[in-house]
Amino acid sequence: GSYLNVGQRFEITPDIALGPRIFVTEKEGVGFGADASYDFMESPASWLYRTQGEVHGLYTTEDRGYIHWYHRYEYDENLVVRMQAEHWSDSEFYKDFFYDAYRNRTAPRSFANVTYRQDDYIATGTVQAGTHSWANEKDRLPEVTFHLLERPVLDRLYLSFDTVTGYNDRSPYGDHGGRSVNIARLSYDFDPAPGLSITPFVELEGTWYSKQRDDDSSATRLSALAGV
């Protein structure tokens, strides 16, 4: 049905903005909420220095609603911490009210991530927890990754390596166990003519799975992929 979605944000301080929102609908009652944002990236005197984020929330007269929080902390140009918390009253609320922006979203997501970057590699750590009984979510408790960026081994021959290791719990099905995926890739940069580049490659993958947290059994998978 028809609706009217109106919000106004006011600058509380040079680093903080806050404002109300009203969401009047034809079939889903009236929603009342607020939106806030903060940016202390250039405020060294604040204890929140080098952080920025947003908070959004809405609750309707039909007992439906949501609250979202997104936070980013940059220790320096190489080390970044991101945190996100999303909570929906039901599986369809956010698509009902904000379909254009979230029509491809399957569920809310809550996680904390640390990413460390160097010229030669990227390392990450992620903890993700499901907070909704109705959502098909995969918890990462935790998951760590290491990505060795493409580097020359011989003339025109390049190597890269990626590993993803973690303990996963898929809700609400109760499937859980450890997993380690390791992929090495060799590629050759061949330029037979100006404007033409051909890159043959071979990729080897080795994956280890544990069946359950309290089960000693495990499985492995080896695979290879070649292409050009």
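Among the lysines, which fall within straight-line cross-link reach of LYS211, defined as a Cα-Cα distance under 17 Å, with same-chain neighbours fewer than 8 residues apart omitted? Within the straight-line limit of under 17 Å, LYS211 reaches these lysines: LYS138. Cross-link partners of LYS27 among lysines, defined as those whose alpha carbon lies under 24 angstrom from its own and excluding same-chain residues fewer than eight positions apart: LYS95.
At the listed q of 0.12, 0.23 Å⁻¹, the Debye profile of the range 1-111, built from one uniform point per Cα, gives log10 I(q)/I(0) equal to -0.51, -1.26. Once C-alpha pairs closer than 8 Å and six or more residues apart are averaged by separation and normalised to the residue number of the range 40-148, the relative contact order reads 17 percent.
Relative to the present Cα-Cα distance, how much length would full extension add between HIS87 and TYR99 at 0.36 nm per residue of separation? Can you show the working numbers first?
Working: separation 12, 0.36 × 12 = 4.32 nm, distance 1.65 nm.
Extra length available between HIS87 and TYR99 comes to 2.7 nm.
How big is the gap, in Å, between the Cα center of the range 70-99 and the Cα center of the range 155-205? A separation of 28 Å, based on Cα centres.
Just from its helices, what would the mean residue ellipticity at 222 nm be for the chain, if runs of 4 or more DSSP H residues each count -39500 (n - 2.57) and the sum is divided by every residue, rounded to the nearest 500 deg cm²/dmol?
On the way: 2 runs with 9 residues, N = 228.
Calculated mean residue ellipticity at 222 nm is -500 deg cm²/dmol.
Contact order normalised by length for the chain, with contacts defined as Cα pairs under 8 Å and 6 or more residues apart; what percent is it?
Details: 548 pairs, mean separation 19.5, N = 228.
Averaging sequence separation for qualifying contacts and normalising by length gives 9 percent for the chain.
Taking all C-alpha pairs of the range 139-183, those more than 15 Å from each other amount to 56 percent. Tell me the Kirkwood radius of the range 24-87: reciprocal of the mean inverse pair distance over distinct alpha-carbon atoms, in Å. One over the average 1/r among Cα pairs gives 13.6 Å for the range 24-87. Sorting the segments 85-97, 197-209 by their residues' average number of neighbouring beta-carbon atoms within 10 angstrom, most packed first, yields 85-97, 197-209.
For the range 1-102, averaging the sequence separation of C-alpha pairs within contact (under 8 Å, six or more residues apart) and dividing by the residue count gives a relative contact order of 16 percent. Out of every Cα-Cα pair that the range 75-153 contains, those further apart than 16 angstrom amount to 62 percent. Solvent exposure of the chain, expressed per residue, is 63 Å² of accessible area, with all protein chains present and a 1.4 angstrom probe.
The values are calculated or read from the model by the stated rules, or taken from the named source; none is laboratory data. Note that the coordinates shown come from a computational prediction; the quantities given were computed from them, not determined experimentally. Positions of Cβ are generated from backbone atoms using ideal geometry, with glycine treated the same way; all protein chains shown enter the neighbour counts. For the accessible areas, the whole protein counts, side chains as well, though only heavy atoms, and no ligand, DNA or RNA atoms are used. Shrake-Rupley method; radii C 1.70, N 1.55, O 1.52, S 1.80 Å.
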